[in-house]
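What follows is one structure encoded as structure tokens, with my remarks underneath.
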Amino acid sequence: MYKIPLLAIVVCGSGCFDYESLNRCWDGGCGGDDQSASSDLLDGSSTPADLAIAYDLGPPACDPSVQPTDGVFVSVVNGNDLSGQGSQLLPFKTIATGLTAAAASGLHFVYLDEGTYPENINFSASSAGLFVSGGWKALGATWSRDCAPDFVSRTVIASPTAVAVKVSGVTVPSGLINLTVATRAKGLSSANTSGETVIGVLVTGVNSTFRLTGVNVLTGQGGDGGSASVPPDAMNLTCSGSDPGTGMAGSVGTAGMPGKAGVLGATAFTPGDGMPGLTAMTGASGTAPAIAPETGMCVSSCSGTCGGFCGDVADTCSGAPGKNGCGGQPGLPGSPGRGGGASIGIFASGAGAIVALDHTVVRAQKGGDGSTGGTAGKPGLGTAGSTGNPVTANTHCYSPACASIPNCGTNSPHSFAGGSKGGDGGPGGKGGDGGGGAGGPSYGSVTLDGARVLVDANSITLGGVGGTGAGGAPAGATASTFP
């Protein structure tokens, strides 16, 4: 972090953030910094004005006689993007429309009437050289500078998305003046998904340049890692029952490793997800039946005529064999716990990229918590072995018409016993539970790939509290600046 002289842009005091009007809850706090303010200012409830006083950040001068020129006018209260002309009398409604119109007209400012603008802002090469200026109060066709102590909090870019302001490939000085930038209060969190990272101002691209003058940047909490889903219960294997095994249970799967700290990339943060549990082994088929089925001679059919030869066709009959049980399938491994998202005030990357702060307070909030790894699914318990069914057959030829012939008219059924019960199949092994996710970090500012954040004597960047890791995964880091 570098200290520079004040930028040559006239701004009005630092002001405070009106939490109630935005219905936002800023939990967590600003911890882990090398600053010296008392801890009650770092618990997440203090306003930028409180922080400015605690750190002796002097407010710039404010001249109520200054008139807006060389710009397009926007009013969220009285403007209209369809019928508006971007004039003081007929302003546009949204900042995005104002930026497009100013760029097309070769103007350099987009002036904002006081109010809350529920939109995120994008600066690209086409909007290079433009400044969005708050701190103005419209009364009909008359726009005047508001120099009230809390004027910065009266013009708010309240982004509904995780990144409030995106700047890409802007190599001509551009920026924001006299307003508050706020992301949504907390990053999104969905099942089986890493927590969303929340960034106040994202500046990327080689030699990109952006200025924040008299701005409060309030970044919401990083999203918590999403909960891990529970896999369905495993089934039993299908087998013939004549392929005996040991009947042993399958071995248990190993639990997944907890996640490591997340990684900052060129334009985003990748949370530290845990690893899924490892697969267990299948249960073995049951042992073979101990007793084979009874086997003997039987009569399958008769031949000949009465009074003559009463012959028979002999065959071998036996009871049904017993069957061994089938093994159980292994329990499905547990899903990984997910890492928490980061909370980052300013994120700058790209060789030669510069973000300059003048009378600006940047405060990140708590990083997202990692989620616990998922529990493995239940294994199949294996099927039971079964006893063979008896088989009944005649041991002599039988025909009622031949009752006078010895052994030809006699019904002689016999029950051939089935084989004994085979062993039960072994249960499948329990899959390993998923590893826990790491906590997300909280940084006031992040610079990568040769980018710099330049901070004047009346500005400050503050990190919040790192998110909690789950299941042995690390907590998120916290710092005013990274690296």
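The values are calculated or read from the model by the stated rules, or taken from the named source; none is laboratory data. This is a predicted model, so every value here is computed, not measured. Cβ coordinates were reconstructed from backbone atoms using ideal geometry, including for glycine residues, and neighbour counts include every protein chain displayed. Side chains are part of the model used for accessible areas, which takes the heavy atoms of the whole protein and leaves out ligands, DNA and RNA. Shrake-Rupley method; radii C 1.70, N 1.55, O 1.52, S 1.80 Å.
If a residue has to be assigned to a strand (DSSP E or B), among the basic types (Lys, Arg) and modelled with pLDDT under 95 to count, how many in region 138-176 make the cut?
So in region 138-176, the residues assigned to a strand (DSSP E or B) come out as 138-139, 142-145, 155-158, 163-168, 175-176.
Those still in the list that are among the basic types (Lys, Arg) too: 145, 166.
If we keep only those that are modelled with pLDDT under 95 too, we end up with 145.
Total satisfying the criteria: 1.
Looking only at residues that are crowded, with 16+ Cβ neighbours inside 10 Å and farther than 15 Å from Ser144 by Cβ in region 68-77, which one is farthest from the chain's Cα centre (by Cα)?
Val72
Any idea which residue in region 158-192 is least open to solvent (accessible area, probe 1.4 Å), counting only those that are under 20 Å from Ser208 (Cα atoms) and of a type in the set (Ser, Thr, Tyr)? Reasoning before the result, please.
Quick first cut of region 158-192, residues under 20 Å from Ser208 (Cα atoms) only: 163-177, 181.
After this cut, where a residue has to be of a type in the set (Ser, Thr, Tyr) as well, the list is 168, 171, 174.
On the way: Ser168: 64, Thr171: 83, Ser174: 0 Å².
Checked region 158-192; the qualifying residue least open to solvent (accessible area, probe 1.4 Å) is Ser174.
Looking only at region 146-157, decide whether some residue is within 31 Å of the chain's Cα centre (by Cα) and either surrounded by fewer than 24 Cβ atoms within 10 Å (Cβ to Cβ) or within 23 Å of Pro118 (Cβ to Cβ) (or both).
As a first pass, look at region 146-157 and keep what is within 31 Å of the chain's Cα centre (by Cα): 156-157.
From what is left, the residues that are either surrounded by fewer than 24 Cβ atoms within 10 Å (Cβ to Cβ) or within 23 Å of Pro118 (Cβ to Cβ) (or both) are 156-157.
There is at least one residue in region 146-157 that is within 31 Å of the chain's Cα centre (by Cα) and either surrounded by fewer than 24 Cβ atoms within 10 Å (Cβ to Cβ) or within 23 Å of Pro118 (Cβ to Cβ) (or both).
Give all pairs with beta carbons closer than 9 Å in which a residue from region 246-259 that is farther than 30 Å from Gly476 by Cβ meets a residue that is not in a loop (DSSP other than H, G, I, E, B); count only pairs at least 6 apart in sequence or on separate chains.
From residues that are farther than 30 Å from Gly476 by Cβ, the pairs are Ala249/Gly328; Gly250/Gly328.
Would you call Val152 more than 17 Å from Leu218 (Cβ to Cβ) and among the β-branched types (Val, Ile, Thr)?
Values: more than 17 Å from Leu218 (Cβ to Cβ): no; among the β-branched types (Val, Ile, Thr): yes.
No.
Quick one: which residue in Gly370, Gly311, Gly331, Gly377 is of a type outside the set (Val, Ile, Thr), at pLDDT 95 or above and open to solvent by less than 40 Å² (accessible area, probe 1.4 Å)? First the steps, then the outcome.
Values: Gly311 fails: at pLDDT 95 or above; Gly331 fails: at pLDDT 95 or above; Gly377 fails: at pLDDT 95 or above.
After applying the criteria, what remains is Gly370.
Can you confirm whether Asp243 is assigned to a loop (DSSP other than H, G, I, E, B), open to solvent by 60 Å² or more (accessible area, probe 1.4 Å) and of a type in the set (D, E, K, R)?
Values: assigned to a loop (DSSP other than H, G, I, E, B): yes; open to solvent by 60 Å² or more (accessible area, probe 1.4 Å): yes; of a type in the set (D, E, K, R): yes.
When the stated conditions are applied, Asp243 passes them.
Could you run through region 201-238 and say how many residues are farther than 30 Å from Gly471 by Cβ, open to solvent by 10 Å² or more (accessible area, probe 1.4 Å) and in contact with a strand residue (DSSP E or B) (Cβ under 9 Å, 6 or more places away or on another chain)?
So the first thing to find is which residues in region 201-238 are farther than 30 Å from Gly471 by Cβ, and the list is 201-218, 236-238.
Checking the rest, the ones that are also open to solvent by 10 Å² or more (accessible area, probe 1.4 Å) come to 202, 204-207, 209, 211, 236-238.
If we keep only those that are in contact with a strand residue (DSSP E or B) (Cβ under 9 Å, 6 or more places away or on another chain) as well, we get 202, 204-205, 207, 209, 211, 236-237.
Within region 201-238, residues that are farther than 30 Å from Gly471 by Cβ, open to solvent by 10 Å² or more (accessible area, probe 1.4 Å) and in contact with a strand residue (DSSP E or B) (Cβ under 9 Å, 6 or more places away or on another chain) number 8.
Looking for something crowded, with 24+ Cβ neighbours inside 10 Å, of a type outside the set (Val, Ile, Thr) and in contact with a helix residue (DSSP H, G or I) (Cβ under 8 Å, 6 or more places away or on another chain) - is there at least one such residue anywhere in region 458-466?
In the first step, residues of region 458-466 are kept if they are crowded, with 24+ Cβ neighbours inside 10 Å; the result is 459-466.
Then keep just the ones that are of a type outside the set (Val, Ile, Thr); that gives 459, 462-464, 466.
Pick out the ones that are also in contact with a helix residue (DSSP H, G or I) (Cβ under 8 Å, 6 or more places away or on another chain) and you get 462.
Yes: one or more hits.
Need a quick list: strands (runs of 3 or more DSSP E) entirely within region 82-135 having at least 1 residues that are polar (S, T, N, Q).
Working: elements: 109-113, 115-117, 121-123.
Once the strands (runs of 3 or more DSSP E) in region 82-135 are filtered for at least 1 residues that are polar (S, T, N, Q), what remains is 115-117, 121-123.
Could you say whether any residue in region 261-274 is in a loop (DSSP other than H, G, I, E, B), open to solvent by 60 Å² or more (accessible area, probe 1.4 Å), out of contact with any helix residue (DSSP H, G or I) (no Cβ under 9 Å at 6 or more places or on another chain) and among the β-branched types (Val, Ile, Thr)? Before the answer, list the steps.
Keep residues of region 261-274 that are in a loop (DSSP other than H, G, I, E, B), which gives 261-262, 265-268, 271-274.
Applying the additional criterion that residues be open to solvent by 60 Å² or more (accessible area, probe 1.4 Å) yields 261, 267.
Checking which are out of contact with any helix residue (DSSP H, G or I) (no Cβ under 9 Å at 6 or more places or on another chain) leaves us with 261, 267.
Within this subset, residues satisfying the condition of being among the β-branched types (Val, Ile, Thr) are 267.
So far as region 261-274 goes, yes, one or more of its residues are in a loop (DSSP other than H, G, I, E, B), open to solvent by 60 Å² or more (accessible area, probe 1.4 Å), out of contact with any helix residue (DSSP H, G or I) (no Cβ under 9 Å at 6 or more places or on another chain) and among the β-branched types (Val, Ile, Thr).
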